[in-house]
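The values are calculated or read from the model by the stated rules, or taken from the named source; none is laboratory data. Predicted, not measured: the structure shown is a model, and the values here were computed from it. All Cβ positions, even for glycine, are placed from backbone atoms using ideal geometry, and neighbour counts span all protein chains on display.
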Protein chains: 4
Amino acid sequence: MLRIAVLGAGRIGRIHSTNVAAHPNAKLIAIADPVAAAVDPLAEALGAEAMNDPIAAIDRDDVDAIVIGTPSDNHADLLLHAVAKGKAVMCEKPIDAGMERSQAVVDDVKAKGGKVMMAFNRRFETSFAAIRKAIEAGEIGEVRQVIISSRDPGLPPEDYVKSSGGIFRDMTIHDLDMARFMLGEEPVEVSATASRIVDEALTAKYDDYDTVMVTLKTASGKQCHINNCREAVYGYDQRVEVFGATGMLQHDNLRPTTVRRWTADITEAQEPLLNFFLQRYAQAYASELDAFITALVEGKPLPTSVEDGLKALALAEAAIESVRTGQTVRL
Amino acid sequence: MLRIAVLGAGRIGRIHSTNVAAHPNAKLIAIADPVAAAVDPLAEALGAEAMNDPIAAIDRDDVDAIVIGTPSDNHADLLLHAVAKGKAVMCEKPIDAGMERSQAVVDDVKAKGGKVMMAFNRRFETSFAAIRKAIEAGEIGEVRQVIISSRDPGLPPEDYVKSSGGIFRDMTIHDLDMARFMLGEEPVEVSATASRIVDEALTAKYDDYDTVMVTLKTASGKQCHINNCREAVYGYDQRVEVFGATGMLQHDNLRPTTVRRWTADITEAQEPLLNFFLQRYAQAYASELDAFITALVEGKPLPTSVEDGLKALALAEAAIESVRTGQTVRL
Amino acid sequence: MLRIAVLGAGRIGRIHSTNVAAHPNAKLIAIADPVAAAVDPLAEALGAEAMNDPIAAIDRDDVDAIVIGTPSDNHADLLLHAVAKGKAVMCEKPIDAGMERSQAVVDDVKAKGGKVMMAFNRRFETSFAAIRKAIEAGEIGEVRQVIISSRDPGLPPEDYVKSSGGIFRDMTIHDLDMARFMLGEEPVEVSATASRIVDEALTAKYDDYDTVMVTLKTASGKQCHINNCREAVYGYDQRVEVFGATGMLQHDNLRPTTVRRWTADITEAQEPLLNFFLQRYAQAYASELDAFITALVEGKPLPTSVEDGLKALALAEAAIESVRTGQTVRL
Amino acid sequence: MLRIAVLGAGRIGRIHSTNVAAHPNAKLIAIADPVAAAVDPLAEALGAEAMNDPIAAIDRDDVDAIVIGTPSDNHADLLLHAVAKGKAVMCEKPIDAGMERSQAVVDDVKAKGGKVMMAFNRRFETSFAAIRKAIEAGEIGEVRQVIISSRDPGLPPEDYVKSSGGIFRDMTIHDLDMARFMLGEEPVEVSATASRIVDEALTAKYDDYDTVMVTLKTASGKQCHINNCREAVYGYDQRVEVFGATGMLQHDNLRPTTVRRWTADITEAQEPLLNFFLQRYAQAYASELDAFITALVEGKPLPTSVEDGLKALALAEAAIESVRTGQTVRL
């Protein structure tokens, strides 16, 4: 039974806490968040101790592992503290908003032999995982092209845009990790283009974009295209197509039901997509946590690493540079 | 080069005439129809001779084969005359509205060794034909259940209803032939139910129905369900599912394009179905004629026979009796 | 907080117990099953009391409601005992294998004003429920035809066939309830046909069938077709199509993932269907229990009744009689 | 009745000749090709005059319009000669392999007021045309992103690769025209990446590529992604997705039938795609010719122009430059 403390009682901390509490091989010891109004009822409902100091939660002797779901600017400090204390860590993206600090964290974790898993939840979504497994099983031969379509249902609030670090660092980064996951080989070239066409005033104000495309190429010539938009009226659009030498694999979106409607105007119409990531990836969050717990319980390697977090960020930075310079960035 | 005369210059005669004229191994010699206003422009456009007397067209020495597309009550007479003159015949359904006369025609054709193909055009539609071929190739093992959905886009005009012989004889009969085609074994039991729910006043006036279901069973236990309705707002609905011991085959409808629409309300919506049989089965009419011509040119057996026409009619009569008596009719 | 005892610790009792334990407005007090080896670990894992006598569980003062998931021949006795004790009941199908006893139970429950919900779980499956809701909202106008395809992934073991009461009473009965749910009007005519084509030796031995079709008609002329087969190689096939005056609604199957495969031989291939009802209806079981608990907590009518159980059984009996006599049975 | 001469009796000349001969408002006067063995039987079968000199065919007084389907290096000369003679022209792509000559042709046609339509057949394919029409009707609001997937079924023969001008000029060019058609606004930025992963030896030998991606951006920020590969084992893959402010439109591939297969391993599997462009675009070739003839007969503007040919080529050249320099090319 792995004893876990969850740091953060916001939207994502709530999901992780609930999943820890429901896991047969884990025990939720504590949830730590400075906001008592958030952490107290959550901890009570799940039978865990409510704390306000995340450092104190890490330091507890009755805690084996830490799940970090705090605001991004705390990730690096908490992660390093937990590693220093010998605790296993599952940490939400990103390690840190900056490359330099992220690299330092990776180096430190490596030096200390820390057990850290970055929470790239999409890798654990049933269909994405099945596609990766099919690729590894050779079902489609050598991968040639990966096409990732990823569009949010609507613009985030201005507060979010202000501090997000920009679309490449907060949205595209998930698709860049997916690209690495599906390509099975590191991208060495990145080019990107970016537009302000959903809300020009808002995005220009923060020197951000709302609609982007990225192209990646690996050393052996495998290619990946990513398209992103901050707003898709039909819901949260998350598709992947992997085209290989002997076949192709496609991942489709999820809807609330399987119902198809026929009228005088349309046939086979399905519903809009599940609206956003909490619904869309509910299974993925649970499976991700299960992978973390199971790896630790069975003494096996964690499925993702801080290096994965660093590499996704490096690709995002390269995309930003490509937009700025109009040049393909070579890594 | 097979020399052909087409009898009838109405909707169906026009299709057959055009297909004969375009066929590389056939020559359209004449089109015969008592209505000069119909036959004259058609014949001129296709470079054939316009005639008003179908008997005279059959009797021509420069005609090898006859395509009968006249009103139904002339089918039997023209068919027998053509057989008597030694001409090959492709005849539209039905042989005749009555079982007795139909049986007599079948007997006569058999006695004279006539070459007659009943125009069950759906058997030649690409997808239906591919399903039959796959069944014969053993792709799904022994057939267990056949599900046929067949709904017209809208009620026919009252004049048609008045003289059609009823929904079982004019609409279900096509599906009964499809059932025989897919089952690969003769039905020996028929039960049916019938309702007046699209237009009760109209159908009751002519002692007819607008919405029916039929169940068939063969001696070995294979089953078939047919559902019909005179009106489907989304278009002309023609689907078949064949479920077997080792697999299943499904046939889908056709639409004008492959476009799928996504909006805030729907995803993957396709267009309404092609509206009616002339569009839906355009390819099937051409392939049917090609099968007729090719069989004659190559001296091979015709793909359907007058017996097929008789058997479909016998099943329709059994369905009518089942509705009347509330009993399963055994053939 | 509704205090619940679950009777039965077998496959279905386990599902209900787990769902009760996870429900925010319910408390799982006890699980009762004569087989200690089944009930003890389940009760321990869920933090409930393990009991061996279901009557004693019903009699507990700290229990408000009973969920019956025992073998079918105990349903009636336990249900009546619970009603006599004033406990609300959610009972698995059937009330009883026989019509007479079932009718007596319905009468008794009615006389005592018992709160009993029959566990027709499929009505609570998201997509089926959405279709019913769309019908009620008038999305497709008056219902004309309902097509229900329902095929099991494989033959049940001989022991099950021996005591199941036959395919109509143990398998078709679920589809007969679905037919009532979708038609929104009671069937008044039933006809059926039945075959032994999956395993003739086995089914003949127990005077049973493995492949059947049923046709229902309501007083206003609405029609319903049901097809069943004990074995479908591609998985547990559960589809419903509801065709109405102004549109059509279709329900599709579920698969483990949304992945589509393309190779040199096929395109857009999906996986086989979820194998059987425990996986396929996992969500439906939880939603069904939630509907039970929520109705009781909020003092609203239960969504299904013992009458629903009786009526589905009456339709199954009528189908059996129709197969025996070759006649349409009028109710 | 428009009197037409077709230049070229190869694969594409044969299609155009057959379509002209079948068109109700056109008369096929002559087919010209230096290879008598190609032109003689084709002309005879279609009732046209066989000629060996295309210039002589253009010069005929009984010819109003010219369809050019000769090898690419003759296009410019024949086109200009026809324009000089006052004949309307439908010309296969490209105008010429080089930008300079192409520009000169465009200038000359403009100066002479020539009526020239470039044969961008895909614009006339039913579904692509319906998507364009829906965009123009405002169905999806402002276009934001266009995703074009376009993969050939297999590598062309070495002879073709040798003289094709490279994948961007002979394959991507069709998608670049489709991009312009769907974007409804000229691209002003082009970036591209290219790999040799299907047959490195072959493509390196001719300094060509077999797998490419292109990104386009218009002045207002609309984006387009194109992916190409010379080999897709599942058939000729031609898809377009247009994502807009209020909706999305998708175009799907065509297969020989609508049959879906279910077995123990797969469900809903469709057939491989139609193998190549002659089958895939049969309807598009006929509709394109119809658009040409109808515009001339009705005195309306031709639907495409030599400028369209020049612009698609300019985009291809920009893509090539982008691959060479690793920079986004601004037009």
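Scan the range A:218-236 residue by residue and report those that are surrounded by 22 or more Cβ atoms within 10 Å (Cβ to Cβ) and within 11 Å of chain D (Cβ to nearest Cβ).
Hits for the range A:218-236 are A:K222, A:Q223, A:C224, A:H225, A:I226, A:N227, A:N228, A:C229, A:R230, A:A232, A:Y234, A:G235.
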For this session: Six or more apart or on different chains, Cβ under 8 Å: which pairs go from a residue in the range B:75-93 that's touching a residue at least 12 places away in the same chain (Cβ under 8 Å) to one that's assigned to a strand (DSSP E or B) and of a type outside the set (A, V, I, L, M)? Could you list them?
Result: B:H75/B:C91; B:L78/B:C91; B:L79/B:C91
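Assess whether C:G154 counts as being away from every other protein chain (no Cβ under 14 Å) and farther than 21 Å from B:T218 by Cβ.
Answer is no for this residue.
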Exercise. Any residue in the range B:99-115 that is farther than 23 Å from B:A286 by Cβ and among the polar types (S, T, N, Q)?
Worked result: yes
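Looking at the range C:256-308, which of its residues are hydrophobic (A, V, I, L, M, F, W, C) and within 23 Å of C:P156 (Cβ to Cβ)?
Selection gives C:L273, C:L274, C:F276, C:F277, C:L278, C:A282, C:A284.
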Exercise. How about the range A:104-140: which of its residues are surrounded by fewer than 20 Cβ atoms within 10 Å (Cβ to Cβ), of a type in the set (A, V, I, L, M) and not in a helix (DSSP H, G or I)?
Worked result: A:A137
Problem set entry | Hits in the range D:171-210 (condition: out of contact with any helix residue (DSSP H, G or I) (no Cβ under 8 Å at 6 or more places or on another chain), away from chain A (no Cβ under 14 Å) and either among the aromatic types (F, W, Y) or under 17 Å from D:G154 (Cα atoms) (or both)) | D:M171
Exercise. Of the residues in the range C:237-248, how many are among the polar types (S, T, N, Q) and either surrounded by fewer than 20 Cβ atoms within 10 Å (Cβ to Cβ) or more than 14 Å from chain A (Cβ to nearest Cβ) (or both)?
Worked result: 1
Exercise. Considering the range D:119-135 alone, what residues qualify as being touching a Leu at 6+ places or on another chain (Cβ under 9 Å) and within 14 Å of another protein chain (Cβ to nearest Cβ)?
Worked result: D:F124, D:S127, D:A130, D:I131, D:A134, D:I135
Seminar exercise, completed: Within the range D:115-159, restricting to residues that are closer than 30 Å to A:D152 by Cα and among the basic types (K, R), the one that is farthest from the chain's Cα centre (by Cα) is D:R144
Exercise. So which pairs qualify, if the first residue must be in the range B:249-275 and within 8 Å of chain A (Cβ to nearest Cβ) and free of Cβ contacts under 8 Å to residues at least 40 places away in the same chain, the second must be of a type in the set (K, R) and assigned to a loop (DSSP other than H, G, I, E, B), the Cβ gap must be under 9 Å, and the two must be at least 6 apart or on different chains?
Worked result: B:T267/A:R255; B:Q270/B:R255; B:E271/B:R255; B:P272/B:R255
Problem set entry | Whichever residue in the range B:86-103 is among the basic types (K, R) and modelled with pLDDT of 95 or more and, among such residues, is surrounded by the fewest Cβ atoms within 10 Å (Cβ to Cβ) | B:R101
Exercise. Inside the range D:196-250, can you point out the residues that are among the aromatic types (F, W, Y) and either within 27 Å of B:E271 (Cβ to Cβ) or touching a strand residue (DSSP E or B) at 6+ places or on another chain (Cβ under 8 Å) (or both)?
Worked result: D:Y209, D:Y234, D:Y236, D:F243
For this session: Among the numbered conditions (1) free of Cβ contacts under 8 Å to residues at least 12 places away in the same chain; (2) not in a helix (DSSP H, G or I), tell me where A:A201 comes up short.
Result: (2)
For this session: May I ask you to verify whether D:T304 is more than 14 Å from chain C (Cβ to nearest Cβ), within 24 Å of the chain's Cα centre (by Cα) and not aliphatic (A, V, I, L, M)?
Result: yes
Seminar exercise, completed: Scanning the range C:13-47 residue by residue, those more than 14 Å from every other protein chain (Cβ to nearest Cβ) and among the hydroxyl-bearing types (S, T, Y) turn out to be C:S17
For this session: Go through the residues of the range C:143-163 one by one and say whether even a single one is closer than 30 Å to B:P187 by Cβ, free of Cβ contacts under 8 Å to residues at least 60 places away in the same chain and assigned to a loop (DSSP other than H, G, I, E, B).
Result: no
For this session: Could you list all residues from the range B:1-43 that are of a type outside the set (A, V, I, L, M) and in contact with a His (Cβ under 9 Å, 6 or more places away or on another chain)?
Result: B:G8
Exercise. What residue, among those in the range B:42-85 that are polar (S, T, N, Q) and farther than 23 Å from B:D290 by Cβ, is surrounded by the most Cβ atoms within 10 Å (Cβ to Cβ)?
Worked result: B:S72
For this session: Considering every residue within the range C:197-211, establish whether at least one is under 26 Å from B:K222 (Cα atoms), under 18 Å from the mean Cα position of the chain (by Cα) and not hydrophobic (A, V, I, L, M, F, W, C).
Result: no
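Results for (1) away from chain C (no Cβ under 14 Å); (2) in contact with a strand residue (DSSP E or B) (Cβ under 7 Å, 6 or more places away or on another chain); (3) over 22 Å from A:H16 (Cα atoms), shown as yes or no for each residue.
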site	(1), (2), (3)
A:L79	yes, yes, no
A:M90	yes, yes, no
A:P94	yes, no, no
A:K112	yes, no, yes
A:M117	yes, yes, no
A:E158	yes, no, yes
Exercise. Conditions: (1) of a type in the set (A, V, I, L, M, F, W, C); (2) at pLDDT 95 or above; (3) surrounded by fewer than 19 Cβ atoms within 10 Å (Cβ to Cβ); (4) out of contact with any strand residue (DSSP E or B) (no Cβ under 9 Å at 6 or more places or on another chain). C:L278 meets all but one. Number of the miss?
Worked result: (2)
